[in-house]
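The structure appears below as C-alpha coordinates.
The values are calculated or read from the model by the stated rules, or taken from the named source; none is laboratory data. Small disclaimer: the values here were computed from a predicted structure and weren't measured. Because the Cβ atoms are built from the backbone with ideal geometry, glycine has one as well, and the counts that use them run over all protein chains shown. These area figures cover heavy atoms from the full protein model, side chains too; ligands, DNA and RNA do not enter into them. Shrake-Rupley method; radii C 1.70, N 1.55, O 1.52, S 1.80 Å.
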Amino acid sequence: MPPMQVDVLIRGDGAVGRSLALALSHQGLRVGLQGRAEARPQDVRAYALNAGAQALLRRLKVWDSLPPDAKTPVQDMQVFGDQAGGRLNFSAWQSHLPELAVIVDAAELDTALDAALRFAPHVQRVDPALPHQLLALCEGREARGLEAHGIQVERRAYGHHALATRWVSELPHQGRAWQWFGAGGEVLALLPMDRPTPGHSYAMVWSQPADEAQRRAALAPEALAAELQPLTQGRVGTLSPAGPAQAWPLSLLRATPTVRPGLALLGDCAHQVHPLAGQGLNLGLADVAALAEVLAKREPWRPLGDLALLRRYERQRALDTWMMATVTDGLWHGFAHDAPWARLARNQGLAVVDALGPLKRWFAQQALGHRAVPVSSNAPTAARPHP
Ligand SMILES: Cc1cc2nc3c(=O)[nH]c(=O)nc-3n(C[C@H](O)[C@H](O)[C@H](O)COP(=O)(O)OP(=O)(O)OC[C@H]3O[C@@H](n4cnc5c(N)ncnc54)[C@H](O)[C@@H]3O)c2cc1C
(Lines give C-alpha, C1' and ligand atoms only; values in the text may rest on other atoms or scores of the structure.)
Protein backbone atom coordinates (compact mmCIF):
# COMPACT_ATOMS: atom_id res chain seq x y z
CA MET A 1 0.00 0.00 0.00
CA PRO A 2 1.45 3.45 -0.85
CA PRO A 3 2.58 5.45 2.21
CA MET A 4 0.14 7.98 3.65
CA GLN A 5 2.88 10.52 4.13
CA VAL A 6 6.08 11.51 2.37
CA ASP A 7 9.37 13.06 3.45
CA VAL A 8 9.34 15.70 0.73
CA LEU A 9 6.37 16.99 -1.21
CA ILE A 10 7.38 18.60 -4.52
CA ARG A 11 4.75 20.89 -6.01
CA GLY A 12 5.37 21.50 -9.70
CA ASP A 13 6.54 18.80 -12.10
CA GLY A 14 8.52 20.74 -14.68
CA ALA A 15 12.15 19.81 -15.38
CA VAL A 16 13.25 21.17 -11.99
CA GLY A 17 10.57 19.40 -9.92
CA ARG A 18 11.08 16.10 -11.71
CA SER A 19 14.88 16.27 -11.38
CA LEU A 20 14.53 17.01 -7.68
CA ALA A 21 12.19 14.03 -7.26
CA LEU A 22 14.79 11.77 -8.89
CA ALA A 23 17.69 13.21 -6.88
CA LEU A 24 15.88 12.76 -3.54
CA SER A 25 14.59 9.30 -4.38
CA HIS A 26 18.21 8.27 -5.05
CA GLN A 27 18.88 9.20 -1.40
CA GLY A 28 16.10 6.93 -0.20
CA LEU A 29 13.72 9.74 0.67
CA ARG A 30 9.98 9.24 0.10
CA VAL A 31 8.86 11.82 -2.41
CA GLY A 32 5.40 13.01 -3.42
CA LEU A 33 5.28 14.81 -6.77
CA GLN A 34 2.29 17.02 -7.43
CA GLY A 35 1.75 18.28 -10.95
CA ARG A 36 -1.07 19.68 -13.00
CA ALA A 37 -3.36 17.25 -14.76
CA GLU A 38 -4.04 19.23 -17.96
CA ALA A 39 -2.38 18.20 -21.22
CA ARG A 40 0.06 20.73 -22.71
CA PRO A 41 1.27 21.19 -26.27
CA GLN A 42 4.68 19.69 -26.95
CA ASP A 43 7.45 22.13 -25.98
CA VAL A 44 9.25 23.41 -29.10
CA ARG A 45 12.15 24.88 -27.13
CA ALA A 46 15.68 23.60 -26.86
CA TYR A 47 17.85 24.28 -23.82
CA ALA A 48 21.54 25.18 -23.85
CA LEU A 49 22.70 23.12 -20.89
CA ASN A 50 26.03 23.70 -19.18
CA ALA A 51 28.43 21.16 -17.71
CA GLY A 52 26.88 21.31 -14.24
CA ALA A 53 23.38 20.58 -15.56
CA GLN A 54 24.71 17.74 -17.71
CA ALA A 55 26.54 16.21 -14.73
CA LEU A 56 23.36 16.25 -12.63
CA LEU A 57 21.26 14.68 -15.40
CA ARG A 58 23.94 12.05 -15.99
CA ARG A 59 23.90 11.14 -12.32
CA LEU A 60 20.10 10.90 -12.42
CA LYS A 61 20.44 8.44 -15.36
CA VAL A 62 18.62 10.85 -17.65
CA TRP A 63 21.44 12.23 -19.77
CA ASP A 64 22.53 8.96 -21.35
CA SER A 65 18.93 7.97 -22.08
CA LEU A 66 18.39 11.04 -24.29
CA PRO A 67 18.46 10.09 -27.99
CA PRO A 68 21.81 11.10 -29.53
CA ASP A 69 20.11 13.46 -32.00
CA ALA A 70 18.36 15.29 -29.11
CA LYS A 71 21.64 16.68 -27.72
CA THR A 72 23.91 18.69 -29.95
CA PRO A 73 27.26 20.09 -28.74
CA VAL A 74 28.01 23.76 -29.47
CA GLN A 75 31.60 24.20 -30.58
CA ASP A 76 31.47 27.82 -31.57
CA MET A 77 29.30 30.88 -31.03
CA GLN A 78 29.05 34.11 -33.01
CA VAL A 79 27.48 37.13 -31.33
CA PHE A 80 26.65 40.30 -33.27
CA GLY A 81 26.10 43.71 -31.68
CA ASP A 82 23.81 45.11 -34.33
CA GLN A 83 23.87 45.77 -38.05
CA ALA A 84 26.49 48.50 -37.62
CA GLY A 85 29.13 46.01 -36.51
CA GLY A 86 30.37 44.65 -33.22
CA ARG A 87 31.10 40.97 -33.29
CA LEU A 88 32.23 38.49 -30.71
CA ASN A 89 33.31 34.92 -31.29
CA PHE A 90 33.53 32.19 -28.66
CA SER A 91 35.06 28.87 -29.52
CA ALA A 92 35.33 25.78 -27.36
CA TRP A 93 38.77 25.10 -28.77
CA GLN A 94 40.08 28.58 -27.88
CA SER A 95 38.49 28.37 -24.45
CA HIS A 96 40.03 24.91 -23.82
CA LEU A 97 36.61 23.36 -23.34
CA PRO A 98 35.22 20.16 -24.91
CA GLU A 99 32.16 22.18 -25.94
CA LEU A 100 30.58 25.50 -25.01
CA ALA A 101 27.22 23.93 -24.11
CA VAL A 102 24.95 21.13 -25.31
CA ILE A 103 21.62 22.00 -26.94
CA VAL A 104 18.93 19.64 -25.67
CA ASP A 105 15.47 19.12 -27.15
CA ALA A 106 13.06 20.22 -24.39
CA ALA A 107 10.33 17.69 -25.26
CA GLU A 108 12.86 14.81 -25.23
CA LEU A 109 14.16 15.95 -21.87
CA ASP A 110 10.59 15.85 -20.52
CA THR A 111 10.16 12.32 -21.88
CA ALA A 112 13.48 11.11 -20.44
CA LEU A 113 12.69 12.58 -17.01
CA ASP A 114 9.27 10.88 -17.05
CA ALA A 115 10.80 7.54 -18.01
CA ALA A 116 13.40 7.79 -15.21
CA LEU A 117 10.65 8.66 -12.71
CA ARG A 118 8.73 5.52 -13.63
CA PHE A 119 11.67 3.45 -12.38
CA ALA A 120 12.47 5.65 -9.37
CA PRO A 121 11.80 4.00 -6.06
CA HIS A 122 10.03 6.05 -3.41
CA VAL A 123 8.44 8.59 -5.82
CA GLN A 124 4.68 8.73 -6.13
CA ARG A 125 2.49 11.14 -8.04
CA VAL A 126 0.12 12.61 -5.48
CA ASP A 127 -3.04 14.64 -5.67
CA PRO A 128 -4.09 15.97 -3.25
CA ALA A 129 -0.96 16.64 -1.18
CA LEU A 130 0.20 14.18 1.50
CA PRO A 131 1.62 15.19 4.90
CA HIS A 132 5.33 15.95 4.56
CA GLN A 133 8.37 17.34 6.39
CA LEU A 134 9.51 19.58 3.57
CA LEU A 135 7.56 21.28 0.80
CA ALA A 136 9.71 22.02 -2.28
CA LEU A 137 8.00 24.56 -4.51
CA CYS A 138 9.00 24.06 -8.16
CA GLU A 139 5.96 25.73 -9.70
CA GLY A 140 7.93 27.76 -12.22
CA ARG A 141 6.52 30.93 -13.71
CA GLU A 142 2.96 29.92 -12.73
CA ALA A 143 3.70 30.02 -8.99
CA ARG A 144 1.04 31.98 -7.14
CA GLY A 145 0.38 32.87 -3.52
CA LEU A 146 4.01 32.78 -2.37
CA GLU A 147 3.27 35.79 -0.15
CA ALA A 148 1.05 33.55 1.98
CA HIS A 149 4.25 31.65 2.88
CA GLY A 150 6.00 34.90 3.90
CA ILE A 151 7.89 35.16 0.59
CA GLN A 152 8.23 38.47 -1.25
CA VAL A 153 8.23 38.38 -5.02
CA GLU A 154 9.86 41.14 -7.08
CA ARG A 155 8.73 40.80 -10.68
CA ARG A 156 9.56 43.12 -13.56
CA ALA A 157 8.04 42.26 -16.92
CA TYR A 158 10.39 43.00 -19.84
CA GLY A 159 7.39 43.68 -22.08
CA HIS A 160 8.99 41.19 -24.46
CA HIS A 161 8.01 37.67 -25.45
CA ALA A 162 10.36 34.95 -26.63
CA LEU A 163 9.23 33.31 -29.84
CA ALA A 164 10.57 29.77 -30.26
CA THR A 165 10.47 27.47 -33.27
CA ARG A 166 12.67 25.15 -35.35
CA TRP A 167 14.28 25.61 -38.76
CA VAL A 168 16.26 23.51 -41.19
CA SER A 169 18.95 25.19 -43.29
CA GLU A 170 20.44 24.13 -46.59
CA LEU A 171 23.88 24.88 -45.03
CA PRO A 172 25.43 22.64 -42.33
CA HIS A 173 25.48 24.26 -38.88
CA GLN A 174 28.90 22.81 -37.95
CA GLY A 175 28.06 23.07 -34.24
CA ARG A 176 27.85 26.86 -34.39
CA ALA A 177 25.35 28.94 -32.37
CA TRP A 178 24.41 32.43 -33.54
CA GLN A 179 23.08 35.40 -31.61
CA TRP A 180 22.08 38.86 -32.80
CA PHE A 181 21.26 41.82 -30.57
CA GLY A 182 18.92 44.04 -32.56
CA ALA A 183 17.34 47.42 -31.98
CA GLY A 184 15.07 47.96 -28.96
CA GLY A 185 16.24 44.88 -27.08
CA GLU A 186 15.40 42.25 -29.69
CA VAL A 187 17.63 39.20 -29.27
CA LEU A 188 17.67 36.42 -31.82
CA ALA A 189 19.44 33.13 -31.10
CA LEU A 190 19.77 30.22 -33.51
CA LEU A 191 21.05 27.12 -31.73
CA PRO A 192 22.41 24.13 -33.68
CA MET A 193 20.32 20.96 -33.49
CA ASP A 194 20.51 17.51 -35.01
CA ARG A 195 16.78 17.05 -35.43
CA PRO A 196 14.79 16.89 -37.55
CA THR A 197 17.71 16.99 -40.02
CA PRO A 198 21.10 15.99 -38.56
CA GLY A 199 23.71 18.71 -38.95
CA HIS A 200 21.29 21.21 -40.52
CA SER A 201 18.65 22.13 -37.91
CA TYR A 202 18.33 25.14 -35.64
CA ALA A 203 16.23 25.93 -32.57
CA MET A 204 15.25 29.60 -32.60
CA VAL A 205 14.65 31.86 -29.59
CA TRP A 206 13.71 35.36 -30.68
CA SER A 207 12.84 37.78 -27.88
CA GLN A 208 11.04 40.90 -29.03
CA PRO A 209 8.26 43.27 -28.00
CA ALA A 210 5.14 41.30 -27.03
CA ASP A 211 2.93 42.68 -29.82
CA GLU A 212 5.59 41.89 -32.44
CA ALA A 213 5.96 38.35 -31.08
CA GLN A 214 2.21 37.82 -31.32
CA ARG A 215 2.10 39.18 -34.85
CA ARG A 216 5.05 37.06 -35.95
CA ALA A 217 3.71 33.91 -34.23
CA ALA A 218 0.67 34.18 -36.52
CA LEU A 219 2.74 34.56 -39.73
CA ALA A 220 3.14 31.82 -42.30
CA PRO A 221 6.58 30.20 -41.74
CA GLU A 222 7.96 31.56 -45.03
CA ALA A 223 6.94 35.10 -44.01
CA LEU A 224 8.55 34.59 -40.59
CA ALA A 225 11.76 33.38 -42.25
CA ALA A 226 11.74 36.54 -44.40
CA GLU A 227 11.53 38.69 -41.24
CA LEU A 228 14.66 37.00 -39.87
CA GLN A 229 16.65 38.03 -42.90
CA PRO A 230 17.52 41.63 -41.84
CA LEU A 231 19.14 40.23 -38.67
CA THR A 232 20.81 37.08 -40.02
CA GLN A 233 21.76 38.62 -43.40
CA GLY A 234 21.87 35.16 -44.91
CA ARG A 235 24.68 33.97 -42.65
CA VAL A 236 22.87 30.73 -41.79
CA GLY A 237 21.60 30.05 -45.30
CA THR A 238 17.99 29.68 -46.41
CA LEU A 239 15.77 28.48 -43.58
CA SER A 240 12.82 26.12 -44.05
CA PRO A 241 10.24 25.71 -41.29
CA ALA A 242 10.49 22.60 -39.10
CA GLY A 243 7.78 23.06 -36.49
CA PRO A 244 5.16 25.33 -34.94
CA ALA A 245 6.04 28.59 -33.14
CA GLN A 246 5.29 29.22 -29.46
CA ALA A 247 5.76 32.42 -27.43
CA TRP A 248 6.62 32.99 -23.76
CA PRO A 249 6.32 36.26 -21.80
CA LEU A 250 9.64 37.34 -20.25
CA SER A 251 10.17 38.70 -16.75
CA LEU A 252 12.91 39.21 -14.24
CA LEU A 253 11.78 37.62 -10.98
CA ARG A 254 13.37 37.24 -7.61
CA ALA A 255 11.72 35.62 -4.58
CA THR A 256 13.09 36.35 -1.10
CA PRO A 257 13.69 34.49 1.07
CA THR A 258 13.86 31.24 -0.87
CA VAL A 259 13.48 29.17 2.29
CA ARG A 260 11.13 29.20 5.26
CA PRO A 261 10.70 26.56 7.96
CA GLY A 262 9.60 23.44 6.10
CA LEU A 263 9.71 25.17 2.69
CA ALA A 264 12.23 25.64 -0.13
CA LEU A 265 11.83 27.31 -3.54
CA LEU A 266 13.69 26.08 -6.62
CA GLY A 267 13.88 26.96 -10.30
CA ASP A 268 11.80 29.63 -12.02
CA CYS A 269 9.57 29.89 -8.98
CA ALA A 270 12.57 31.35 -7.08
CA HIS A 271 14.23 33.27 -9.93
CA GLN A 272 13.52 34.06 -13.55
CA VAL A 273 16.08 35.56 -15.89
CA HIS A 274 16.00 36.75 -19.49
CA PRO A 275 16.74 33.76 -21.78
CA LEU A 276 19.42 35.70 -23.71
CA ALA A 277 22.16 33.73 -21.95
CA GLY A 278 20.21 30.43 -21.90
CA GLN A 279 20.67 30.02 -18.17
CA GLY A 280 17.24 29.62 -16.48
CA LEU A 281 17.14 25.83 -16.38
CA ASN A 282 20.86 25.66 -15.63
CA LEU A 283 20.17 27.73 -12.52
CA GLY A 284 17.19 25.54 -11.60
CA LEU A 285 19.18 22.31 -11.97
CA ALA A 286 21.97 23.82 -9.90
CA ASP A 287 19.32 24.51 -7.22
CA VAL A 288 18.37 20.82 -7.36
CA ALA A 289 21.99 19.70 -7.00
CA ALA A 290 22.56 22.08 -4.08
CA LEU A 291 19.39 21.19 -2.15
CA ALA A 292 19.91 17.45 -2.68
CA GLU A 293 23.46 17.75 -1.38
CA VAL A 294 22.46 19.79 1.66
CA LEU A 295 19.74 17.27 2.57
CA ALA A 296 22.07 14.31 2.02
CA LYS A 297 24.70 15.81 4.33
CA ARG A 298 22.34 16.83 7.11
CA GLU A 299 23.02 15.79 10.67
CA PRO A 300 20.94 12.68 11.47
CA TRP A 301 18.97 14.54 14.16
CA ARG A 302 17.93 17.42 11.89
CA PRO A 303 14.47 17.23 10.35
CA LEU A 304 14.30 17.88 6.62
CA GLY A 305 12.35 21.10 7.12
CA ASP A 306 14.83 22.58 9.61
CA LEU A 307 15.38 26.25 8.76
CA ALA A 308 19.10 26.27 9.59
CA LEU A 309 19.54 23.34 7.21
CA LEU A 310 17.55 24.98 4.44
CA ARG A 311 19.52 28.20 4.84
CA ARG A 312 22.64 26.29 3.81
CA TYR A 313 20.92 25.67 0.50
CA GLU A 314 19.85 29.31 0.21
CA ARG A 315 23.39 30.55 0.92
CA GLN A 316 24.90 28.20 -1.65
CA ARG A 317 22.63 29.48 -4.38
CA ALA A 318 22.35 33.18 -3.54
CA LEU A 319 25.44 34.53 -5.33
CA ASP A 320 25.05 32.44 -8.48
CA THR A 321 21.43 33.45 -9.06
CA TRP A 322 22.02 37.10 -8.16
CA MET A 323 25.00 37.30 -10.56
CA MET A 324 23.10 35.72 -13.42
CA ALA A 325 20.07 37.96 -12.93
CA THR A 326 22.28 41.06 -12.72
CA VAL A 327 24.42 40.18 -15.76
CA THR A 328 21.54 39.17 -18.05
CA ASP A 329 19.43 42.15 -17.02
CA GLY A 330 22.40 44.54 -17.44
CA LEU A 331 23.21 43.08 -20.86
CA TRP A 332 19.63 43.34 -22.00
CA HIS A 333 19.30 46.96 -20.90
CA GLY A 334 22.67 47.78 -22.48
CA PHE A 335 21.53 46.39 -25.81
CA ALA A 336 17.95 47.66 -25.54
CA HIS A 337 19.12 51.28 -25.38
CA ASP A 338 18.93 52.87 -28.81
CA ALA A 339 20.97 56.03 -28.16
CA PRO A 340 23.99 56.33 -30.52
CA TRP A 341 26.45 56.35 -27.56
CA ALA A 342 24.96 53.10 -26.23
CA ARG A 343 25.23 51.53 -29.67
CA LEU A 344 28.86 52.58 -29.99
CA ALA A 345 29.68 51.35 -26.48
CA ARG A 346 28.19 47.90 -27.04
CA ASN A 347 29.85 47.45 -30.40
CA GLN A 348 33.21 48.66 -29.08
CA GLY A 349 32.67 46.48 -26.02
CA LEU A 350 32.17 43.39 -28.15
CA ALA A 351 35.22 44.24 -30.25
CA VAL A 352 37.42 44.78 -27.16
CA VAL A 353 36.28 41.58 -25.50
CA ASP A 354 36.88 39.74 -28.77
CA ALA A 355 40.47 41.00 -28.94
CA LEU A 356 41.36 39.88 -25.42
CA GLY A 357 41.94 36.11 -25.22
CA PRO A 358 41.92 35.55 -21.43
CA LEU A 359 38.94 37.86 -20.88
CA LYS A 360 37.04 36.06 -23.58
CA ARG A 361 37.83 32.68 -22.05
CA TRP A 362 36.52 33.94 -18.74
CA PHE A 363 33.35 35.18 -20.42
CA ALA A 364 32.87 31.84 -22.16
CA GLN A 365 33.21 29.95 -18.90
CA GLN A 366 30.93 32.28 -16.95
CA ALA A 367 28.33 32.96 -19.59
CA LEU A 368 28.07 29.36 -20.66
CA GLY A 369 28.27 28.11 -17.10
CA HIS A 370 31.08 25.65 -17.69
CA ARG A 371 31.72 25.17 -14.03
CA ALA A 372 31.57 22.20 -11.73
CA VAL A 373 28.24 22.50 -9.94
CA PRO A 374 28.29 20.25 -6.89
CA VAL A 375 26.18 17.21 -7.59
CA SER A 376 24.62 15.33 -4.75
CA SER A 377 26.21 12.07 -3.82
CA ASN A 378 23.88 9.21 -3.01
CA ALA A 379 25.11 9.52 0.56
CA PRO A 380 23.32 6.43 1.85
CA THR A 381 24.58 7.00 5.40
CA ALA A 382 22.90 10.40 5.63
CA ALA A 383 19.56 9.26 4.30
CA ARG A 384 16.99 8.11 6.82
CA PRO A 385 16.04 4.48 6.26
CA HIS A 386 12.37 3.74 5.83
CA PRO A 387 10.54 0.96 7.47
C1 LIG B 1 12.11 30.70 -24.93
C2 LIG B 1 12.91 30.22 -23.77
C3 LIG B 1 14.15 29.63 -23.96
C4 LIG B 1 14.90 29.17 -22.88
N5 LIG B 1 16.13 28.63 -23.11
C6 LIG B 1 16.85 28.19 -22.06
C7 LIG B 1 18.14 27.61 -22.28
O8 LIG B 1 18.64 27.55 -23.39
N9 LIG B 1 18.83 27.15 -21.20
C10 LIG B 1 18.32 27.23 -19.93
O11 LIG B 1 19.00 26.79 -18.99
N12 LIG B 1 17.11 27.77 -19.71
C13 LIG B 1 16.35 28.25 -20.73
N14 LIG B 1 15.13 28.79 -20.50
C15 LIG B 1 14.59 28.85 -19.14
C16 LIG B 1 13.92 27.52 -18.76
O17 LIG B 1 12.90 27.22 -19.71
C18 LIG B 1 13.28 27.63 -17.38
O19 LIG B 1 14.22 28.17 -16.48
C20 LIG B 1 12.88 26.25 -16.88
O21 LIG B 1 11.98 25.63 -17.78
C22 LIG B 1 12.23 26.36 -15.50
O23 LIG B 1 11.84 25.08 -15.08
P24 LIG B 1 10.90 24.92 -13.81
O25 LIG B 1 10.70 23.46 -13.65
O26 LIG B 1 11.44 25.73 -12.68
O27 LIG B 1 9.53 25.63 -14.21
P28 LIG B 1 8.44 25.23 -15.28
O29 LIG B 1 9.07 24.64 -16.49
O30 LIG B 1 7.57 26.43 -15.45
O31 LIG B 1 7.61 24.05 -14.59
C32 LIG B 1 6.75 24.30 -13.50
C33 LIG B 1 5.67 23.22 -13.48
O34 LIG B 1 4.92 23.33 -12.28
C35 LIG B 1 3.53 23.19 -12.58
N36 LIG B 1 2.75 23.90 -11.54
C37 LIG B 1 2.65 25.22 -11.34
N38 LIG B 1 1.87 25.47 -10.28
C39 LIG B 1 1.47 24.27 -9.79
C40 LIG B 1 0.66 23.87 -8.70
N41 LIG B 1 0.09 24.75 -7.89
N42 LIG B 1 0.48 22.55 -8.48
C43 LIG B 1 1.05 21.64 -9.29
N44 LIG B 1 1.84 21.96 -10.34
C45 LIG B 1 2.05 23.26 -10.59
C46 LIG B 1 3.39 23.82 -13.95
O47 LIG B 1 2.22 23.33 -14.58
C48 LIG B 1 4.68 23.36 -14.61
O49 LIG B 1 4.52 22.11 -15.22
C50 LIG B 1 14.38 29.28 -21.57
C51 LIG B 1 13.13 29.88 -21.36
C52 LIG B 1 12.40 30.36 -22.46
C53 LIG B 1 11.06 31.00 -22.21
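Kindly provide the GluC sites (Glu not before Pro) of the stretch 24-126 that DSSP labels as loop, not H, G, I, E or B, and whose Cβ sees at most 10 other Cβ atoms within 10 Å.
E38
How much area per residue is accessible in the stretch 174-330 when the probe is 1.4 Å and only protein heavy atoms are counted (Å²)? Before the final figure, lay out the partial values.
On the way: 5860 Å² over 157 residues.
About 37 Å² of surface per residue is accessible.
For the stretch 207-263, which trypsin sites (Lys or Arg not before Pro) are in a loop by DSSP, counting at most 14 other Cβ atoms within 10 Å? Each step should come with its number before you reach the end.
Numbers: sites: R215, R216, R235, R254; in loops: R235.
Here the sparse-neighbourhood loop sites are R235.
With a ≥ b ≥ c the root eigenvalues of the C-alpha gyration tensor of the stretch 1-57, is it rounded (a/c under 1.5), prolate (a/b larger than b/c) or oblate?
It is oblate, given that a/c is not under 1.5 and a/b is not larger than b/c.
Using a 1.4 Å probe, what is the accessible area per residue for the stretch 54-164, in Å²?
Normalised by residue count, the accessible surface of the stretch 54-164 is 48 Å².
Would you kindly derive the ³J(HN,Hα) couplings of the stretch 261-275 from the backbone phi angles with the Karplus curve 6.51 cos²θ - 1.76 cosθ + 1.60 (θ = phi - 60°), listing them in order in whole Hz, with x for Gly and Pro?
Once rounded to whole Hz, the list reads x, x, 9, 9, 9, 9, x, 4, 5, 9, 7, 10, 10, 4, x.
Out of the trypsin sites (Lys or Arg not before Pro) in the stretch 112-170, which ones are loop residues according to DSSP with at most 12 other C-beta atoms within 10 Å? Please report the intermediate quantities before stating the final value.
Numbers: sites: R118, R125, R141, R144, R155, R156, R166; in loops: R144.
Sparse-neighbourhood loop trypsin sites (Lys or Arg not before Pro): R144.
Computing the accessible area with a 1.4 Å probe over protein heavy atoms, can you report the carbon and sulfur percentage for the stretch 238-302?
57
Just to confirm my numbers, what's the Cα centroid distance between the stretch 40-112 and the stretch 188-243 in Å?
So the separation of the two Cα centres works out to 17 Å.
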